[in-house]
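The values are calculated or read from the model by the stated rules, or taken from the named source; none is laboratory data. Fair warning: this is a prediction, and the values are worked out from it, not measured in the lab. Heads up, the Cβs are rebuilt from the backbone with ideal geometry, glycines too, and the neighbour counts pull from every protein chain shown.
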Amino acid sequence: MAKKVIVIGAGAAGLMASGVAAENGNDVLLIERNDRVGRKVMITGKGRCNVTNNCTMINELISAVPTNGRFLYGAFSRFMPIDTMEFFEDMGVPLKVERGNRVFPESDKAVDIVDALNAFSQDGGAKRIKGRVTELIIKDSAVKGVRLEDGEEYEADSVIVATGGASYPLTGSTGDGYDLAKQAGHTIVDLKPSLVPLVCHEGFCSDLQGLSLRNIEITVLDSESYKEVYKDFGEMLFTHYGVSGPVILSASSHLKDVKPRRYEIHIDLKPAITYEQLDKRIQRDFLENTNKNFINALDALLPKKLVPVIVRLTGIKPSTKVNQITKEQRGRLVNLLKDLKVTVMKFRPIEEAIVTSGGVSTKEIDPKTMESKLCKGLYFAGEVIDVDAYTGGFNLQIAFSTGRLAGEQV
């Protein structure tokens, strides 16, 4: 006799779980509070959907998950990135691999990934209704069904909670899953933003709002311990409040106990060349612009928007003729280009984070099945669990691997 399975949440984890559970012959009901499925998947990778990371070794995957990575060993070993890629290719979505092993649909359209997941769920036979689950029905430490906001009840032999975290609430990730987990006696590890933009002290960040820098290197230092916390190469973005972009979001997941001015981000604008090489490059540029004002002599070296900020920070008058700039002044310019510092004041709000750090304690979930250790028949998948990874497709891989495992085990 087919088992009744309820999956709460039609995001990446929920769609995968419902499809697998239905494929295995269960009577599956998928409950989603939004009109459309996969709302958060639609905005990942700037709408392109960085669907996974094409790393082949399980230890690589686990090392990209700073929070409770070892917990995912079982889920990852059963469904690796190669399996995710094969899954979507089989569903008719051609994929491509870009820098950093990031995997995207060839179309660069997240909707193709969402449509494939939705088709997998529905073709397997999962039924879907719109509604908000506000209560688990639990008897004798076993889940028996769910109750919706409107009072409607649905019976189930198993329930998979795949409601996402507390980031991007407009997509439906409002933290409902944490309340449901608490009803079953679960501990919720304190929620905080991860992969989140950073508010910075320096006023020049707002002057540079909208400026994207490519091929830069950042080094994050902890001013309390004078230790290097993180180093990365890639792309970043200046905003009206501070900094964002891929390398900044990744750096944010390494910042613990953020206090104003504790962390400094040192930006190397020219990481491909040494101080000495950069000095020689500037000397050549100055020779070609010998009679120009300083502020008009840096266009070949820097993006236009960055020039007045760098000029101001050097302390050299903008109207100074290039041929009058001293070696010491030129040294200040070189130092700035190799070490532009911004000081972190705080994270942006959790609503702006890509993922939520914290959630249902992994100590209370069986890593081999994703089943609750406290409540029989209750399973968890995806971001609602206290696991979070770096940017690069790793967080979606967590959703697919845990969703698939939960769907198999019910």
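Quick notes on this one:
- Among the residues making up the stretch 249-297, those that are at pLDDT 95 or above, more than 28 Å from residue 319 (Cβ to Cβ) and buried (at least 16 other Cβ atoms within 10 Å of the Cβ) are 262, 263, 264, 265, 266, 268.
- Restricting the first member to the stretch 253-275 and to residues that are in contact (Cβ under 8 Å) with a residue 24 or more places away in the chain, and the second to residues that are of a type in the set (Asp, Glu) and in a loop (DSSP other than H, G, I, E, B), the beta-carbon pairs closer than 8 Å and six or more apart or on different chains are 262/224; 266/339; 267/339; 268/339.
- Close pairs from the stretch 27-54: first within 21 Å of residue 154 (Cα to Cα) and in the same structural domain as residue 158 (by TED's automatic domain parsing), partner assigned to a helix (DSSP H, G or I) and hydrophobic (A, V, I, L, M, F, W, C), Cβ under 7 Å, at least 6 apart: 28/21; 28/22; 37/15; 37/114
- Selected residue (only one of 203, 175, 245 is in contact with a strand residue (DSSP E or B) (Cβ under 9 Å, 6 or more places away or on another chain) and outside the structural domain of residue 364 (by TED's automatic domain parsing)): 245
- Unmet requirement for residue 375, which otherwise passes all of (1) modelled with pLDDT under 95; (2) of a type outside the set (Asp, Glu); (3) not assigned by TED's automatic domain parsing to the domain that holds residue 294: (1)
- Exactly one residue among 343, 326 is polar (S, T, N, Q), out of contact with any Pro (no Cβ under 7 Å at 6 or more places or on another chain), over 25 Å from residue 217 (Cα atoms) and surrounded by fewer than 21 Cβ atoms within 10 Å (Cβ to Cβ), and that residue is 326.
- Count - residues of the stretch 185-197 that are surrounded by fewer than 22 Cβ atoms within 10 Å (Cβ to Cβ) and either part of a loop (DSSP other than H, G, I, E, B) or free of Cβ contacts under 8 Å to residues at least 12 places away in the same chain (or both): 2
- Residue within the stretch 62-76 that is in contact with a Leu (Cβ under 6 Å, 6 or more places away or on another chain), assigned to a helix (DSSP H, G or I) and at pLDDT 95 or above present: yes
- Cβ-Cβ under 9 Å pairs, at least 6 apart or on other chains, the stretch 76-104 side closer than 21 Å to residue 391 by Cα, far side in a loop (DSSP other than H, G, I, E, B) and of a type in the set (D, E, K, R): 95/106; 96/106; 96/108; 104/48
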